[in-house]
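Encoded as structure tokens, here's the structure I'll be asking about.
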Amino acid sequence: MVKSNHSLLYTSEKINKRYICILRYTKVLIINLLIMSDNNRECATNDARLDQEDVTRYSRQMILPEIGVPGQLALRQASVLVVGAGGLGCPAIQYLAAAGVGKIGIIDYDTVETSNLHRQILHTESGVKKSTRKTHSAAQAVKAINSKVTVEEFYMQLDRQNAVDTVKHYCVVIDATDNVVSRYLVNDACVLANKPLVSGSALRWEGQLTVYNYQTQHGDCKGPCYRCLYPSPPPPETVTNCSDGGVLGVVPGIIGCFQALEAIKIIVGVEPSYHQKLLVFDGLVGGVRTVKLRGAQPNCVVCGNKPSITKNTLPDYVKFCGSVATDKCVSVKLLDDEQRITAARYKNEFVDAGKPHVLLDVREPVELQICSLPNSTNISIRKILFCKSKLPLAKSDEERSSACRQLLEKLFTALDNVRQNMDRDEPTPVVVVCRLGNDSQKAVDFLNREVTFHESVTIKDICGGLTSWAKTVDKQFFTY
Ligand code: ZN
């Protein structure tokens, strides 16, 4: 049985090398199948069957020349490990289940929360009420879509002790975690277990996708791994996650679908489109770009000629990245205790006592629409950090002072106004607030170090930001 030559696998000259296919149309289709690429050849077995129900269910995709009966059988015999059952993982899992992937492994260590529901489309309000594990919530959704799919739930955090042994049992791995620590860990595990890795990310309106560690079916080209492209992790303070930066739910939805698509192509033996290429999706302008990536690097520490990372020498990823394996916000500590004030103390000493001060809110203006404290002055941390990048251009102290005034005009105006009601000898208090107390620390640090004030000021931040205010001072205050 020779398939259309649309498929890279099914051309006649490759038949002898790549697969043996004997197809009998009786009530049951019996196929001896060996169609997997080099990466996942071990996932194929020699005995597989489709029945009438399968044919009815999958017929729309089976009549595609690139899928056909062999492709559908390959899907059923395949297994995909999805690391993360969140915004990327949910749509990926959903389409893999619907397409008839035989086994789906789901790794996650979180429970379902209300803030997940706008993008993590397999989870439900009932899951929030019961604090259901995301692995279980996703597994239930898979069963409702396609009861023939086997789901393996891993309610755990992937780490260097369990990563390779978990990954090795699957044909394809999808990284749907979107944090730097997991990216390195999943990458290394996939290289060591020789598995293709479909990696996605999404933030705000933008998403990216690429396929790492993929070996072409001829075996003549092995793509780069994540470390080939990024040998060193980015500084933790430059990484923004969805919790901090926001994300429109449909954006990870689109990227997660792309991840399922690439995984399916790998399974049925069609070369993935984003092997050694990066897809860059911009949902705001509706743009899709493809960037060519450099190939595998011979000196890569995990996939190169002389790898220093092996199964027994996986590094401490948290230490290596200087951050933790979570997509959630993490508290940072940049300031000494005397430069900080608790929400309760701020209320007592400033608000209740009517003490003149400038309250500087460094969130984005759009966040102030959700909630804010009265009489705050808003300059976003983004603008403050932009100022930071501009100030070194000033040649003299005078130029620097004038640049500060221009860039942070609202702060200086607020200081002038407050100072009118104060004793001249007293320093003017500036209290900086943000959502969680991280950006406020960056702002205090910058204002103290870099900005030239004409008169004396004391600058502190509110520990834990407005989230702490809502917890400890005003329980009616919105949190987000
Ligand atoms: Zn590499």
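Just subtract the alpha-carbon distance of LEU393 and LYS355 from 0.36 nm times their residue separation and send over the number in nm, one decimal.
In short, 10.0 nm is gained.
Okay, next question. Can you bin every Cα-Cα distance in region 409-480 into 5 Å intervals starting at zero and give me the percent of pairs per bin, rounded to whole numbers?
3, 16, 21, 20, 16, 15, 8, 2
Also: Under the rule of -39500 (n - 2.57) per DSSP H run of 4 or more residues, summed and divided by the residues of the chain, what mean residue ellipticity at 222 nm is obtained, to the nearest 500 deg cm²/dmol?
Calculated mean residue ellipticity at 222 nm is -9500 deg cm²/dmol.
Taking 1 over the mean of 1/r across every pair of different Cα atoms in region 337-472, what Kirkwood radius in Å do you get?
Mean inverse Cα-Cα distance, inverted, gives 15.2 Å.
Place a point 7 Å from the Cα of ASP337 along the Cα-to-Cβ direction; which residues of region 446-480 have their backbone N under 19 Å from it?
Counting only backbone N, you get 459-465.
Quick one: longest stretch of the chain between exposed loop trypsin sites (Lys or Arg not before Pro), exposed meaning at most 15 other C-beta atoms within 10 Å and loop per DSSP?
Between exposed loop sites, the widest span is 149-293.
Determine how many Å³ per residue the convex hull of the Cα atoms of region 221-376 encloses.
In region 221-376, the Cα hull volume divided by residue count equals 190 Å³.
Sum up the charges of everything whose Cβ sits under 10 Å from the Cβ of GLN276, counting Lys and Arg as +1 and Asp and Glu as -1, but leave GLN276 out.
+4
Okay, moving on. Can you list the DSSP H helices in the chain whose Cα atoms extend at least 24 Å along the helix axis and whose mean Kyte-Doolittle hydropathy is 1.6 or higher?
250-268
Between CYS221 and THR310, take the C-beta separation as r, use R0 = 22 Å, and let me know the FRET efficiency to the nearest 0.05.
The calculated FRET efficiency here is 0.40.
In Å and from the alpha-carbon atoms only, list the Rg and Dmax of the chain.
27.2, 96
Counting only GluC sites (Glu not before Pro) that are in a DSSP loop and have at most 16 other C-beta atoms within 10 Å, tell me the longest site-free stretch of the chain.
Longest site-free region, per DSSP loop and neighbour criteria: 114-454.
Obtain the nm distance between the two label points defined at TYR480 and GLN406 by a simple spin-label model: each point lies 7 Å from its Cα along the Cα-to-C-beta direction.
Going by the 7 Å Cα→Cβ label model, 3.3 nm.
May I pose another question? After finding the eigenvalues of the alpha carbon gyration tensor for region 78-321, what semi-axes result from the square roots of 5 times each, listed largest first in whole Å?
26, 20, 19
Over region 153-211, with a single point scatterer placed on each C-alpha, what log10 of the ratio I(q)/I(0) does the Debye formula yield at q = 0.22 1/Å?
-0.86
To the nearest 20 Debye, how big is the dipole of the chain about its Cα centre, given +1 on the beta carbon of each Lys and Arg and -1 on that of each Asp and Glu?
1580
Using only the Cα atoms, work out Rg/Rh for region 60-102, with Rh taken as the Kirkwood radius, to two decimals.
Taking Rg over the Kirkwood Rh, I get 1.05.
Every number in this text was worked out from the coordinates using simple rules, so none of it is lab data. Remember, it's a predicted structure, so these values are computed and weren't measured experimentally. Using ideal geometry, Cβ is built from the backbone for each residue, glycine included, and neighbour counts are taken over all protein chains shown.
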